[in-house]
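Asks: Next up is a structure, given as structure tokens.
The values are calculated or read from the model by the stated rules, or taken from the named source; none is laboratory data. Predicted model, so just to flag it, every value in this text is computed and none were measured. Cβ coordinates were reconstructed from backbone atoms using ideal geometry, including for glycine residues, and neighbour counts include every protein chain displayed.
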Amino acid sequence: MIEHSCKICVGAWPLKDHFLGDCGLTKAYVFEDQFFAGWTVLVLKEHVSELFKLSRVARGMLMEEVNHVAETLAQVFDAKKMNYELLGNQVPHIHWHLIPRLKTDPDPLKPVWCVSHEPVRLPADQLAERVTRLRAALRIHANEPV
Ligand SMILES: [Zn+2]
């Protein structure tokens, strides 16, 4: 089901050139701000606003996909801690922010939203390298997003 007022459903966000791959129920993207290296967004393909609106089976599958991506990010970026954010206040379409918090984190006790910083947009070559590395690590299909 597509919600036409939703920027995920209409394909306006996350950015298409940051697409990592299809995880099953979700699609993974490198987040456009890489100040926190490895920040990844996992979006549900279907427009659903709350976990409790999913079937028990779908919710279980979703959590397995979240877990797979989070564990892979933790390994690739040698995270000290993983952060899982499922908010939806601005975009009420289930999407997880999965954020490796590294040893070099400037403020590890705070959620990323509370850490003041200049957004880091990767140059095209570094983005391509990160996408390639994460696709290989995640072992996900790199089909173009629909
Ligand atoms: Zn949506």
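Asks: For residues in the stretch 48-60 being of a type in the set (Gly, Ala, Ser) and free of Cβ contacts under 8 Å to residues at least 40 places away in the same chain, which is farthest from the ligand (Cβ to nearest atom)?
Replies: Residue satisfying both the conditions and the ranking: Gly60.
Asks: Then there is this: Being under 15 Å from Cys23 (Cβ atoms) and out of contact with any Gly (no Cβ under 6 Å at 6 or more places or on another chain) is the filter here; which residues of the stretch 60-83 pass it?
Replies: The answer is Gly60, Met61, Leu62, Met63, Glu64, Val66, Asn67, His68, Val69, Ala70, Glu71, Thr72.
Asks: Do you know which of the residues in the stretch 1-47 that are near the ligand (Cβ under 9 Å from one of its atoms), over 16 Å from Val66 (Cα atoms) and among the hydrophobic types (A, V, I, L, M, F, W, C) is modelled with the lowest pLDDT?
Replies: Met1
Asks: Restricting to the stretch 92-101, what's the tally of residues that are buried (at least 17 other Cβ atoms within 10 Å of the Cβ) and either part of a loop (DSSP other than H, G, I, E, B) or in contact with a helix residue (DSSP H, G or I) (Cβ under 7 Å, 6 or more places away or on another chain) (or both)?
Replies: Count: 6.
Asks: Let me ask another. From the list Ala79, Ala70, which one is in contact (Cβ under 8 Å) with a residue 12 or more places away in the chain, of a type outside the set (Val, Ile, Thr), touching a helix residue (DSSP H, G or I) at 6+ places or on another chain (Cβ under 8 Å) and away from the ligand (no atom under 16 Å from the Cβ)?
Replies: Matching residue, one of Ala79, Ala70: Ala79.
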